[in-house]
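A short worksheet on the structure shown next.
The values are calculated or read from the model by the stated rules, or taken from the named source; none is laboratory data. This one's a predicted model, so the numbers in the text were calculated from it and none came from an experiment. All Cβ positions, glycine included, derive from the backbone under ideal geometry; neighbour counts span all protein chains shown. Accessible surface areas use protein heavy atoms only, side chains included; no ligands, DNA or RNA. Shrake-Rupley method; radii C 1.70, N 1.55, O 1.52, S 1.80 Å.
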Amino acid sequence: MELYTITVFSENQVGILNQIANIFTRRGLNIESLSVSPSSIEGVHKFIITCRSDRAMMQRVARLIEKRVDVLKAYLYTDSEIVYQEIALYKVPADQLLDNSNVERVIREHNARILEITRQYVIIEKTGHTADTDALFQELKHYGLLQFVRSGRVAVTKGTEEQLTRFLLNHT
Amino acid sequence: MANEEMISGSEMLMRILQREGVEYVFGYPGGSIMPVYDALYRHQGDIPHILTRHEQGAIHAAEGYARVSGKPGVVFSTSGPGATNLVTGMADALADSTPLVIITGQVDTEHLGFDAFQETDVVGMSLPVTKWSYQIRKAEDVAWAVARAFYVASTGRPGPVVLDFTHTAQCAKAVWDYHPCTRLRSYAPVPEIQSKPLAEAAVLLNSSRKPLILAGHGVALAKAEKQLAEVAEKIDAPVGLTLLGLSALPSSHPLCLGMAGMHGNIPVNIATNQADVILAVGMRFDNRVTGATEHYARQAKIIHIDIDETEFNKSIPADVAIHADAREALDKLLPLLRRNEHADWRAELKPHAEAEERLVIQPETAEREDCIHMGAVVSRVSAAFGDDAIVVTDVGLNQMMSARYSRFTQPDSIVTSGGLGTMGFGLPAAIGAKLARPDREVVLFLGDGGFQMTMQELGTIMEHNLDIKIVLLNNNFLGNVRQMQAMFCERRFSATPLANPDFMKIASAYGIASEDVERPEQLDDAIARMAAHKGAFLLNVNIDEENMVFPITRGGDPVDTIYVNLTDRYQG
Ligand SMILES: Cc1ncc(C[n+]2csc(CCOP(=O)(O)OP(=O)(O)O)c2C)c(N)n1
C-alpha cells in the first residue's frame, strides 16, 4: 500500500465532492487528506486527494472519478512525481515560550515561524511534508500544546504547465 | 427585448419534451410536482402521460420503453416518497445502461434543508445510482439542465439522469430560449477510435485458429447487430451472447452458440476456456458471465471493445482494448479482417451443443406426463409467436428459463433486468416495451413472486388496453432462491414458499382475459388461444416446484465447471 495523490479538475457544480467521496466509500477506501479550491483556470475547481491503496485500485478510482459528467480530468501521482506541501498550525501557551528556551530552539530547528503572540498563547506555523509537521508536533506535545491542525495536501506536478491547460486547449 | 417570451419553468419543460421528441411520460403526481402536471394538462395532446400505479412501475416502464426504442424514457414523480420509490429503477437503469430522464418534484427553494413536508435529498440519494443528477433551483436553469439531461442520458454509455425540479423553478418565469445540448467539455461520450489497437486486434483475429466472439448489450445500444454478424461471418467465429445481448444475433444464425455465463449454453462456456482469441464487444465480463475470474479464458488473447474505458481490465485483463462505440469499432475492424474458415473449431464445439440438447434441453422442453417445466412453456410460447416477439422477463428461474428457451429473430427483443436483477421489473417494463413497439407482440414471463411485487400495474395495462401476453410460471415458490436452498442449504426452504392468491380472479378484476394451465396436456391449446387473443392475456401455468434451471456454473467455480443437474458435472 502506497500513498497516492489524485488531482481532480471539475466544473464548478454542486455535489462533485459528494460524487468523488462516493467512489472511495463504495470501495472501502479511506481518503487520507483532501483539499478543494478554485484552480488557476477560471471556473475550474481543483481537488487534491491523498489515499493509501495499490496502484491498480487507484488507477481505477481516478478513471471512475473522471467518468463523472462534470469532471474534466483526474490525474494519479505517486509522491515522486509531484512537489507537495502541507501546512500545520500549533498553539502553545505563551509562558512556555517565554520561560522555556527550548521552545525557541525547537521552532528554529524546524524552520517554523510564529504567526501570532498574545499574552495567553503563541501560534506557530510549519509547512512541509506530513513527516515534518508531525516531527514538530511530537516535540511541541511536551510543551503543553493547546491546539494542532494540519491542512490537506497541496501539490503541483513537476512539468512546466498545468496538464489541464493542454486538455482545455483541445476541448474548448 | 420585445420578442422575448417569458414562460414558467413547467411550461418550458413541456416544450422541451416536445422538442426532444418525447413520445410518452411515465409518472405519478403529487404536491411538489403539481405545476408540472398542470402544464402537462395543457399539453395532453402532445405528450401522452402514462399514470402507473406506483412510481417503481413508472420508472421500470420507462426503462422498458427505452430498451426497445433506444430513446430516453421520461419519468415524473413528486418529491419525498415519490422520489424514493424511484431509486430501485435508477440503480437498475444504471446497471443496464438504460437512458432515462427522471424529473422529481422538489419543495420550494426557501424550504430546502429545513425538513419541509416531503423534502428528501434527492440529489444526494441519487448521485451514486445515476449518471448525472442535478437540482434545478431557478427557471433560468430549466432549459440548460433539461437539454443537458437528454444529452447525457442518451450519449456515450447511456444511463439514468435525475433533475430535481424545485417547486420554485417550476412556477417562476424565464425567457424561453432553448438550444439542445450537443457537447460538454467535461464529457467525451464518443471516444476517438485509435487505429493501433484496431490493427493489433486484426492481427490477432487473422492468425487465430479458435476465435470466439462474446457480444453484449453494447451491440444493441450501438445498433451494431449487422456489423456483428458481418464480422462473425467473415472470420467464421462462433458467437456467445450475454443475457442483455441475446437478440443481437438471430438465434437461428449458424454461428450463434447461445448465452454465456452461469446458466448459459454449454458450448459458449466451454469455448471461452478453449478459444485462442476472444473478441468481446460491448460486454463487461460481469461475474455472472465469468465465474471465477482467475480461471476465465486464461489461454486466450482478449480483445475488448467498449465505449466505457473503466470497463477495461476491471475483472478480465484485455490484451487489446478498443475504446469505441461498438458499431464504429466493428465497422473499422471489418476491412482489416481476412475472410477465414474455422470448420474444425466449430466441429469441436458441436458435441457440446449436442450434449446440452440431450442432457438438459430435451428433458426440459419435452412434454411430460406428470408435470410442467418452464422450458416447455417458454419454447412453446416462443414458437407460437414465430420466435419474433419482444420477450420481457422478471427475475429468477422464469428469467433464466425465458432467456434460455426463447428464440430471437430481431434486434431489441429482450428486456430483462440483468445487472441489478430487480424482481418486479417485468410487468411495468412490458408496458413500456409495448408502448414503444405497438406493432410487435410483447410476451412477458414472470414468476409468482416477482409478479406480486408490481402486480398493481395490471391497472395500467387495463387502462391503456395494452396487448401484452403475460405468462406466469407459477411454482408457488420463490423458485430461484429455493433452487439455491436445494443446492446449498440441504433443502431448508427458509421463507421461499408462497401463499398465492387466485391469479385468475385478479386478472378478471382488471378485465384481463386469463386461463389456467394445470396439466401438461392443456398447455398447447391454451398457448394457441393466448396467441390468437387480441388484447392482454394472463396465462397462469402451474409449474413443478422441483423444476430448476440447468446447466449451472456455481459462483466461484471456473466458467467451464458446469453441472447439468443437481449432482452431475458435465464431463465434455
Ligand atoms: C427486489 C428483489 N428482491 C429479492 C430478490 C432475490 N431473488 C432473486 S430470484 C428470487 C425468487 C423469485 O421468485 P419468483 O418471482 O417466484 O420467480 P421464480 O424464480 O420462481 O421463477 C428472489 C427472491 C431480487 N432479485 N429482487
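Structure notes:
- Residues in region B:240-258 reached by a label modelled at B:Lys223 [backbone nitrogen below 19 Å; 7 Å Cα→Cβ]: B:245-250
- Sites matching trypsin sites (Lys or Arg not before Pro) across region B:349-412 that sit in DSSP coil, with at most 14 neighbouring C-beta atoms within 10 Å: B:Arg368
- Pairwise centroid distance, computed over Cα atoms, of region B:159-220 with region B:354-409, Å: 34 Å
- Remark on the protein assembly as shown: Rg and Dmax equal 29.5, 102 Å (Cα only).
- Near-label residues of region A:131-146 by backbone N, under 14 Å of a point 7 Å along Cα→Cβ of A:Asp99: A:143-145
- Other-chain or far-sequence residues with amide H under 5 Å of B:Ile414's (modelled H): B:Ser247, B:Val391
- For region A:45-53, backbone phi angles converted through the Karplus equation (6.51, -1.76, 1.60; θ = phi - 60°) give residue-by-residue couplings of 9, 10, 10, 10, 10, 10, 7, 9, 6 Hz, Gly and Pro being listed as x.
- Peptides ranked, highest mean first, by Cβ atoms within 10 Å: ranges B:341-349, B:443-451: B:443-451, B:341-349
- Solvent-accessible heavy-atom area per residue, rounded to whole Å², over the protein assembly as shown at 1.4 Å: 41 Å²
- With θ taken as phi - 60° and the Karplus curve 6.51 cos²θ - 1.76 cosθ + 1.60 applied, the whole-hertz 3J(HN,Hα) list for region B:245-254 is x, 3, 9, 6, 9, x, 4, 7, 4, x Hz, x standing for glycine and proline.
- Summed residue charge, Cβ within 15 Å of B:Val442's Cβ, Lys/Arg positive, Asp/Glu negative: -3
- Counting Cβ atoms of other protein chains within 10 Å of each Cβ in B:130-141 and taking the mean gives 2.
- Accessible surface buried by the A/B pair amounts to about 1800 Å², both sides summed, 1.4 Å probe.
- Region B:202-291: C-alpha gyration tensor shape, a/c 1.5 cut-off, then a/b vs b/c: rounded
- Surface accessible to a 1.4 Å probe, B:Glu311 within the full protein complex, Å²: 10 Å²
- Loop-located GluC sites (Glu not before Pro) in region A:16-125 (DSSP state other than H, G, I, E, B) with a sparse environment of at most 13 neighbouring Cβ atoms within 10 Å: A:Glu42.
- Space enclosed by the convex hull of the alpha-carbon atoms of region B:372-542, per residue, Å³: 109 Å³
- Counting only protein chain heavy atoms and rolling a 1.4 Å probe, the accessible areas of B:Thr272, B:Thr409, B:Thr120 rank, largest first, as B:Thr409, B:Thr120, B:Thr272.
- Taking every DSSP bridge with both residues inside chain B, close to 10 percent are antiparallel.
- Helical runs assigned H by DSSP (4 residues or longer) give the protein assembly as shown a calculated mean residue ellipticity at 222 nm of -10000 deg cm²/dmol, each run adding -39500 (n - 2.57) before division by the residue total.
- For the set B:Lys71/B:Lys223; A:Lys73/A:Lys126; B:Lys210/B:Lys332; B:Lys226/B:Lys332, the pairs lying more than 24 angstrom apart at their alpha carbons are A:Lys73/A:Lys126.
- Relative contact order of region B:257-315, pairs being alpha-carbon contacts under 8 Å that are 6 or more residues apart, as %: 35 percent
- Summing +1 for each Lys or Arg and -1 for each Asp or Glu among the other residues whose beta-carbon sits under 11 angstrom from that of A:Ser33 gives +1.
- What the Cβ-Cβ distance of B:Glu546 and B:Arg42 gives, at R0 = 56 Å and to the nearest 0.05, is a FRET efficiency of 0.50.
- Summing charges over all other residues whose Cβ lies under 12 Å from the Cβ of B:Arg42, with Lys and Arg as +1 and Asp and Glu as -1, gives -2.
- Candidate lysines for bridging to B:Lys138, where Cα separation is under 25 Å - those fewer than 8 sequence places away on the same chain excluded: B:Lys173
- The antiparallel fraction among DSSP beta bridges confined to the protein assembly as shown stands at about 45%.
- Anisotropy class of chain A from Cα gyration tensor, a/c 1.5 cut: prolate
- Potential lengthening between B:Leu51 and B:Asp525 on full extension [0.36 nm per residue; Cα-Cα distance subtracted]: 167.2 nm
- Rounded, prolate or oblate (a/c below 1.5 giving rounded, otherwise prolate when a/b exceeds b/c) for chain B by Cα gyration tensor: oblate
- Ranked by the mean number of other Cβ atoms within 10 Å of their residues, highest first, the peptides B:474-481, A:50-57 fall in the order B:474-481, A:50-57.
- Nitroxide proxy distance, nm - points 7 Å out along Cα→Cβ at B:Ala343 and B:Met487: 3.9 nm
- Inter-chain Cβ neighbour count for A:61-68, averaged per residue, equals 4 (cutoff 10 Å, partner chain atoms only).
- The GluC sites (Glu not before Pro) of region B:433-515 that meet both conditions, a loop assignment by DSSP and at most 10 other Cβ atoms within 10 Å of the site Cβ, are B:Glu490.
- The phi torsions of region B:511-521, fed into the Karplus equation with coefficients 6.51, -1.76 and 1.60 and a -60° offset, translate into couplings of x, 9, 4, 7, 8, 9, 10, 8, 10, x, 5 Hz, rounded to whole numbers, with Gly and Pro shown as x.
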